[in-house]
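Coordinate-derived values only; no laboratory data. Values in this document were obtained by computation on a predicted structure and should not be read as measured data. Here the Cβ is made from the backbone with ideal geometry for all residues, glycine too, and neighbour counts use every protein chain on show.
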Amino acid sequence: MDSKMLRHGDVVLEYMGHEAPQLGALPEHPTPTLAEGKRTGHAHRVRGEAKVWRDPANAAGYLCVAADTGATLTHEEHATLALAPGWWRFTIKRQYTEDEAGWSAVED
């Protein structure tokens, strides 16, 4: 599969293929949740065989979807997305507000 980018609300995903990226000390997240709304409690959850590594400092990370099974990304307010097997990099859309501390992740 060629380079592919998807958007699921405030989550942007980029397909990286089947070669694992350098994760370094990035911690594996205990649940397959890419982002969770602070206001609504809605979440971008991966359904299927997958693992998530998230950087708590910037709400970005990596998603590995198991070979041959694929997975889906769900959210209460968005259509379900099919995710191909392999590695995906994800980021959370950010916004700038002058009345707060500058840049922050978009909040549900």
Scanning the range 27-84 residue by residue, those touching a Ser or Thr at 6+ places or on another chain (Cβ under 8 Å), assigned to a strand (DSSP E or B) and surrounded by 15 or more Cβ atoms within 10 Å (Cβ to Cβ) turn out to be ALA43, HIS44, ARG45, VAL46, GLY48, VAL52, ALA60, LEU73, THR74, LEU81, LEU83
Pairs returned, first residue in the range 18-42 that is at positive phi, second residue that is assigned to a loop (DSSP other than H, G, I, E, B), beta-carbon separation under 9 angstrom, 6 or more apart or interchain, are GLY41/GLU76; GLY41/ASP108
*Would the range 70-83 turn up any residue that is in contact with an Asp or Glu (Cβ under 9 Å, 6 or more places away or on another chain), within 13 Å of HIS8 (Cβ to Cβ) and among the hydrophobic types (A, V, I, L, M, F, W, C)?*
yes
